[in-house]
Amino acid sequence: MATDTPLDFDTLDLDTRQAAALTRRAMTWLGALLLLVAASAVAMWLFLRAEEAREADRRRTADAEWLDQTLRFHFRRLEGDLAALALQAQPAGPRATAPP
């Protein structure tokens with residue numbers, strides 16, 4: 001009942017060569033894709049580092065402007081207070097000064 005058909009190893013070998021070529025091609029694409037992902041991750045890290053530095057500079061600038069405005073406000077208020085004290089310290093009426 002068993003038929004003795006000769007096996008054609010040449011066709012099997014051809015399929016193995018084709019499979020090996022496909023595997024090499026797939027590994028090449030996988031390597032390229034992995035390289036692309038790694039390059040994207042490095043680019044993202046560099047971009048985020050630059051953005052954080054820019055944000056820190058912006059925050060420092062805003063803090064410096066806030067400090068400048070606060071100091072100006074307090075100095076103006078102190079000038080007003082000193083002017084009011086100077087007016088209070090002046091004599092109420094004209095005084096004659098003693099001759100030297």
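Note on residue 24 and residue 46: the extension gain reaches 4.6 nm, defined as 0.36 nm multiplied by sequence separation minus the Cα-Cα distance.
A simple rule links phi to the HN-Hα coupling: the Karplus curve 6.51 cos²θ - 1.76 cosθ + 1.60 with θ = phi - 60°, which for the range 60-68 gives 5, 5, 5, 5, 5, 5, 4, 5, 4 Hz, with x for Gly and Pro. Note that the range 28-36 has calculated 3J(HN,Hα) couplings of 5, 5, 5, x, 5, 5, 5, 5, 5 Hz, one per residue in order, obtained from phi through the Karplus relation 6.51 cos²θ - 1.76 cosθ + 1.60 (θ = phi - 60°); glycine and proline are x.
Subtracting the Cα-Cα distance of residue 68 and residue 81 from 0.36 nm times their residue separation leaves 2.7 nm of extension gain.
Values quoted throughout were computed directly from the atomic coordinates according to the rules given, and no laboratory measurement underlies them. Only a predicted model underlies this, so the values are computations on that prediction, with no experimental measurement involved.
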